[in-house]
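Comments concern the structure below.
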Protein chains: 2
Amino acid sequence: MTEHIVRSFDTELQGLRRSISEMGGIAETMLSNATAALVQRNTALAQSVIGADSRLDALQHEIEERGILTIARRQPLAVDLREIISAIRISGDLERIGDLAKNIAKRVLAIGSELQPQKVVAGVQHISDLALVQLKDVLDAYAQNDVAAAIEVWKRDGDIDALHNSLFRELLTYMMEDPRNISFCTHLLFCTKNIERIGDHTTNIAETIHYLVTGEALTAERPKQDGLNAPAPEPPGAGLGPR
Amino acid sequence: MTEHIVRSFDTELQGLRRSISEMGGIAETMLSNATAALVQRNTALAQSVIGADSRLDALQHEIEERGILTIARRQPLAVDLREIISAIRISGDLERIGDLAKNIAKRVLAIGSELQPQKVVAGVQHISDLALVQLKDVLDAYAQNDVAAAIEVWKRDGDIDALHNSLFRELLTYMMEDPRNISFCTHLLFCTKNIERIGDHTTNIAETIHYLVTGEALTAERPKQDGLNAPAPEPPGAGLGPR
């Protein structure tokens with residue numbers, strides 16, 4: 001293989017990483033803005049989140065296409081093959097993160113001017129902040145091939161799940177206390193669920209980094225609860241509500 | 001290329017299709033059983049759904065790995081490359097369908113013996129039946145490379161979305177009428193949402209079949225509503241409930 005071909009293969013791999021980095025930046029901004037739009041009831045900001053999604057979709061298709069053509073053309077082995085497979089997988093997770101952020105933004109438009117208990121909205125902001133730190137950290141870990149940092153992110157996903165469960169119970173309690181909260185809190189239930197799923201996709205990326213760097217799957221059980229929020233909450237004092 | 005190599009390439013492609021077919025059968029059974037378990041409160045059946053998921057995951061990994069190795073080894077072009085890419089994509093959608101069915105089964109265990117209005121449960125059975133027909137039809141379309149049948153499935157996804165929206169409003173109404181319904185109906189909200197998302201993955205498969213057969217993406221807008229179930233329901237007569 002001539003040096004020319006080797007160099008141009010490296011250029012292809014670097015191009016994939018640059019596109020992943022662009023996707024990561026867009027996904028971070030979408031999550032951050034979707035939550036800000038929810039907290040501030042900012043419909044213009046929500047619209048901007050919805051508009052940003054098409055670029056993310058286009059980048060994902062491009063990465064998939066370029067990745068597969070590179071595999072077919074170069075027949076890469078070992079770490080080079082993993083590099084391409086990882087880029088395709090990570091682009092899929094980032095595209096899904098964008099979809100979930102877009103869904104939150106659409107709910108901001110749907111919620112409109114309904115009543116909104118500030119305390120639960122603060123809870124959504126909190127879980128979103130956690131998810132955003134995780135996303136930033138996993139993208140940094142990818143940029144630096146830092147498998148230890150990826151494992152840290154992977155371990156911390158349990159924090160998001162625990163907060164999700166507690167928010168979930170809190171939202172159900174609000175719904176039981178006053179039926180006027182039900183419609184709005186249902187939107188917040190789904191927003192919170194979306195953020196928890198963003199956490200899962202971030203964990204997927206951490207697993208992909210592990211595979212990329214070591215060639216092995218991360219086989220331990222995920223440090224997460226099952227995300228069902230199963231137990232029916234007993235609203236403190238209020239019993240079964242107004243009845 | 002010798003006849004021997006050509007034949008063995010065909011064997012590889014057929015093997016991918018056989019694995020997709022096995023995945024499709026498992027995913028159909030999981031959805032059907034998860035809904036039956038929900039309707040009948042059958043926790044043993046729910047457990048069997050949860051147990052079936054690992055086979056689906058294993059098949060997906062196998063298809064992805066074999067597909068990528070085949071691309072690297074054979075450098076296929078045009079329809080052969082699309083055949084492999086399609087198998088990888090479809091296996092991803094089927095794996096997600098299994099996850100969503102498993103999530104319904106987990107909710108059956110979580111719901112336990114809570115009160116359960118039979119009318120809304122019948123609604124969930126109905127949307128699940130629709131989603132199951134769509135899934136069967138899209139798997140048949142794949143087996144026969146039938147792009148017209150795939151487009152029919154794609155068009156019908158709007159029916160699932162419409163039914164989902166109406167069920168969603170009905171569930172919110174139940175919650176508003178009696179706070180004792182809230183916890184159980186929240187589980188049903190997520191079950192219904194899961195089934196709507198199974199419909200989306202089925203639509204993805206229809207789009208992949210179109211790409212596989214024609215080499216072109218299905219570019220029209222998806223015939224779906226945005227799935228937000230945005231409008232707050234006005235419970236008939238009941239106003240804002242007991243207050």
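The spacing between segment B:83-145 and segment B:182-222, judged by their C-alpha centroids, is 10 Å. Taking each of A:K102/B:K119; A:K136/A:K193; A:K193/B:K193; B:K106/B:K193 in turn, the alpha-carbon distance tops 22 angstrom for A:K102/B:K119. Inter-copy label distances for B:D140: 5.4 nm (label point placed 7 Å from Cα along Cα→Cβ; shortest first).
So what is log10(I(q)/I(0)) for chain B at q = 0.09, 0.10, 0.12 1/Å, when the Debye sum runs over its Cα atoms only? Rounded to two decimals, the profile gives -0.44, -0.53, -0.71.
Ranked by the mean number of other Cβ atoms within 10 Å of their residues, highest first, the peptides A:54-66, B:90-102 fall in the order B:90-102, A:54-66. Only the Cβ atoms of Lys and Arg (+1) and of Asp and Glu (-1) were treated as charged; on that basis the dipole of segment B:14-112 about its Cα centre amounts to roughly 100 debye.
For the protein assembly as shown, taking Cα atoms only, Rg and Dmax work out to 23.0, 80 Å respectively.
Taken across both chains, chains B and A shield about 3600 Å² of accessible surface from a 1.4 Å probe.
Positive-end ranking of B:H126, B:L212, B:F9 along the dipole of chain B, with charges on Cβ about the Cα centre, is headed by B:H126.
Here is how far apart the B:Q47 label points are across copies: 5.5 nm, shortest first, using a point 7 Å from Cα toward Cβ.
Residues in segment A:63-104 near a label at A:A148, defined as backbone nitrogen under 19 Å from the 7 Å Cα→Cβ point? The answer is none.
Here the sum of -39500 (n - 2.57) over DSSP H runs of 4 or more residues, divided by the residues of chain B, equals -29000 deg cm²/dmol at 222 nm, to the nearest 500.
Sorted largest first, the spans of the alpha carbon positions of segment B:40-173 along the three principal axes are 58, 32, 21 Å. Each of A:R107, A:R18 has its accessible area taken with a 1.4 Å probe; listed largest first, they run A:R18, A:R107. Taking Lys and Arg as +1 and Asp and Glu as -1, the other residues whose beta-carbon sits under 14 Å from that of B:L212 total -3. So what's the angle, to the nearest 10 degrees on a 0 to 90 scale, between helix B:147-177 and the longest Cα principal axis of chain B? It works out to around 20 degrees.
Spin-label pair B:T214-A:K155: with each label point 7 Å from Cα along the Cα-Cβ axis, the two points sit 5.1 nm from one another.
For the peptide A:87-94, the mean number of other protein chain Cβ atoms found within 10 angstrom of a residue's Cβ is 1. Ligands, DNA and RNA are left out, and with a 1.4 angstrom probe the accessible area of segment B:1-155 is 44 Å² per residue. Under a model in which nothing but the beta-carbon of Lys, Arg (+1) and Asp, Glu (-1) is charged, the protein assembly as shown shows a dipole of about 800 debye around its Cα centre. Most tightly packed first, judged by the mean number of other beta-carbon atoms within 10 Å of their residues, the peptides B:140-152, B:164-176 read B:164-176, B:140-152. Each copy carries a label point for A:G215 at 7 Å from Cα toward Cβ; from one copy, the others' points are 3.8 nm away, ordered from shortest.
Once the Cα atoms are used to define both axes, helix B:118-143 deviates from the longest principal axis of chain B by about 10 degrees. Contact order, relative form, for chain A: 24 percent (alpha carbon pairs under 8 Å, 6 or more residues apart, mean separation divided by residue count). In nm, to one decimal, how far is the modelled label at A:R55 from the one at B:H126, with both set 7 Å along Cα→Cβ? Reported label-point gap for A:R55 and B:H126 is 4.4 nm. Remark: chain A carries a charge dipole of roughly 580 debye about the Cα centre, counting +1 on each Lys and Arg Cβ and -1 on each Asp and Glu Cβ. Inter-chain Cβ neighbour count for A:135-144, averaged per residue, equals 0 (cutoff 10 Å, partner chain atoms only).
The values are calculated or read from the model by the stated rules, or taken from the named source; none is laboratory data. Fair warning: this is a prediction, and the values are worked out from it, not measured in the lab. Because the Cβ atoms are built from the backbone with ideal geometry, glycine has one as well, and the counts that use them run over all protein chains shown. Keep in mind that these areas ignore ligands, DNA and RNA; they rest on the heavy atoms of the full protein, side chains included. Shrake-Rupley method; radii C 1.70, N 1.55, O 1.52, S 1.80 Å.
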